[in-house]
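Below you'll find the structure, written out as structure tokens, and then a few comments.
The values are calculated or read from the model by the stated rules, or taken from the named source; none is laboratory data. Just so it is clear, the model here is predicted, and its values are computed rather than measured. Positions of Cβ are generated from backbone atoms using ideal geometry, with glycine treated the same way; all protein chains shown enter the neighbour counts. Surface areas here come from the heavy atoms of the whole protein model, side chains and all, with no ligands, DNA or RNA. Shrake-Rupley method; radii C 1.70, N 1.55, O 1.52, S 1.80 Å.
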Amino acid sequence: MTDPQPLLRLSGLRVQYGSGPDVVTAVDGIDLDVARGEVVAIVGESGSGKSTTAQAVIGLLSGTGKITSGTVTFNGDRIDNASDRALEKIRGAHIGLVPQDPTTSLNPVTRIGEQVGEVLRIHGRANRRTAAVEALRILTEAGLDHPELRVRQYPQDLSGGQRQRVLIGIALACEPELIIADEPTSALDVTVQRRILDHLDERIAATGAAVLLITHDLGVAADRADRIVVMSDGRIVETGTAHQVLTNPQHEYTQKLLAAAPSMTAVSGVATRKPRTAAEGPALLSVRNLTKTFRIGRGAALTAVNDVTFDVPRGQTFSLVGESGSGKSTTARIAARIETASSGVVEFDGAPITGLRGKDLRQLRRRVQLVHQNPYASLDPKLTIDKIVAEPLQAFGVGTSGERREKVRELLDQVALGDKYLSRHPAQLSGGQRQRVAIARALALNPQLVVLDEPVSALDVSVQAQILDLLARLQRDYDLSYLFISHDLAVVRQISDGVAVMRRGQIVETGPIADVFDNPQHEYTRELLDAIPGKKVALR
């Protein structure tokens, strides 16, 4: 950068965790500038140091993390050695943060409206009365449906994508000069993702704000960033304009990331999966006229799933796509018998499972496994990784203790984790690493059907490609069926045989993947496809 005083400057920044012989260098002497009004995207694999870089800027390093050398300068002032009190005045008011994990970043016992209004009151932008009005406006701008209802709800009442939108609203509330967005759209469907990122673009144009965007989605980086910084093993290996880096990558690591990114190939259709032939006989999973209604207050109800019907053939992958809150995750939980339907029928292997109880329901658990959307919330923080993956084996009495240990090692190898992770706890892993552990645990019992609820949304593109290849291989080898839930249409196109598009609890279009994606009949399907990121660089 030629700007003598950029808004943000990192000089020789080094961040380490631990002490003595256990020191881990997460960021290794990087130099980075962000100019006013500029969008800089940091991309790289989980553990590359990109999120640690963002956390170091605002003094939010976790655990034993500390800056051991280098400086952080914001708006001309050095802040890496600032006091906690000084940083508290900067965070929110001058530097807004959109964290990666909405579940752990929102207070579960405080209403959404109060949490949004709190940041305004802390920084003197509103009083208690005006904060409530402003919270409603902020949630509306963040793209939440029924914001007047959402302000009264708690975080657990919202979908993952809706919670992420709340965090984005909080980060933008005080109109900061710099927005640090750490995977800000990883939990969002493509249409809401586009609206949120369009909103960020408008804020930049109106106020001159800058954005430091941390993302594993190269399509988002391609469309939204002025410059892209590629990190690997704590170092910057390549930097340049979005067009330079993505159309003419110089470093081998950057080339590998691009080759593994479905969003950068789905535009041309090359990522479409070759259809698999369905096995003869009835579908493994059959859902008929499924409806689910939730009570959300006095006399109020919300129909999350409305008369949904579909089949998952044996040995195939059937995907449900749609916006956050469209009902796809609720449908998946009912199919896995985690939730109970208000009405309708679910059959597994030709037998109804809606009313199963006791021993019969326990046996179903062995045949149907679920990979949750949020790995941090689904993994016991007190257990080590080896015990987490072995848990289903032990619960069903599979093998001896030695055989279970060997099985755990095999499973971790399959999801690109090695023996060094066996004794770690979930908090010591990155978001992508935790998701791989969750997938390994789901595969432990060799189920017939795996319900995958956003299984790769937290993964960088190279590990995402490994997991998708793993799922495809396991499906071929063991004739597995998958019910795949995702907002990432590029991934859905790559892995699916059939797809159903959901909107507001209903299926608006369904069919073979190539038919729906190449010749969409419903306007909403066309809108989803048009919002897939990565097209801007392809068109330049």
Would you mind listing the helices (runs of 4 or more DSSP H) fully within region 64-143 where at least 3 residues are basic (Lys, Arg)? 128-141
Taking region 5-34 as the search range and keeping residues that are open to solvent by 30 Å² or more (accessible area, probe 1.4 Å) and hydrophobic (A, V, I, L, M, F, W, C), which one is nearest to Gly240 (Cα to Cα)? Val24
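Every residue in region 182-215 that is of a type in the set (Gly, Ala, Ser) and open to solvent by less than 20 Å² (accessible area, probe 1.4 Å), please.
Residues of region 182-215 that are of a type in the set (Gly, Ala, Ser), as a first pass: 186-187, 205-206, 208-210.
If the condition is that a residue be of a type in the set (Gly, Ala, Ser) and open to solvent by less than 20 Å² (accessible area, probe 1.4 Å), then Ala187, Ala209, Ala210 are the ones that fit.
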Taking region 40-62 on its own, how many of its residues are over 16 Å from Arg14 (Cα atoms) and open to solvent by 10 Å² or more (accessible area, probe 1.4 Å)? 2
Looking at region 82-115, which of its residues are open to solvent by less than 30 Å² (accessible area, probe 1.4 Å), hydrophobic (A, V, I, L, M, F, W, C) and either modelled with pLDDT under 90 or closer than 19 Å to Gln164 by Cα (or both)? Ile95, Val98, Leu106, Ile112
Could you tell me how many of the residues in region 348-388 are at pLDDT 90 or above, over 25 Å from Ser401 (Cα atoms) and open to solvent by 70 Å² or more (accessible area, probe 1.4 Å)? 2
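Filter region 247-281 for residues that are at pLDDT 85 or above and over 21 Å from Asp31 (Cα atoms); which is least open to solvent (accessible area, probe 1.4 Å)? It would help to see each step written out before you state the result.
Going residue by residue through region 247-281, those that are at pLDDT 85 or above are 247-258.
Right, trim to over 21 Å from Asp31 (Cα atoms) and you get 247-248, 255-258.
Details: Thr247: 71, Asn248: 94, Gln255: 83, Lys256: 102, Leu257: 5, Leu258: 27 Å².
The selected residue is Leu257.
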Subset of region 485-529 [among the charged types (D, E, K, R) and under 24 Å from the mean Cα position of the chain (by Cα)]: Asp488, Arg493, Asp497, Arg503, Arg504, Arg526, Glu527
Check region 23-30 and report whether any residue there is at pLDDT below 95 and out of contact with any strand residue (DSSP E or B) (no Cβ under 6 Å at 6 or more places or on another chain). no
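Could we say that Leu120 is closer than 16 Å to Leu178 by Cα and either in contact with a Phe, Trp or Tyr (Cβ under 6 Å, 6 or more places away or on another chain) or at pLDDT below 95 (or both) here? Walk me through it before giving the result.
Working: closer than 16 Å to Leu178 by Cα: no; either in contact with a Phe, Trp or Tyr (Cβ under 6 Å, 6 or more places away or on another chain) or at pLDDT below 95 (or both): yes.
Taking the combined requirement at face value, the residue does not satisfy it.
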When the residues of region 395-436 are narrowed to those that are hydroxyl-bearing (Ser, Thr, Tyr) and surrounded by fewer than 16 Cβ atoms within 10 Å (Cβ to Cβ), which ends up farthest from Ile385 (Cα to Cα)? Thr400
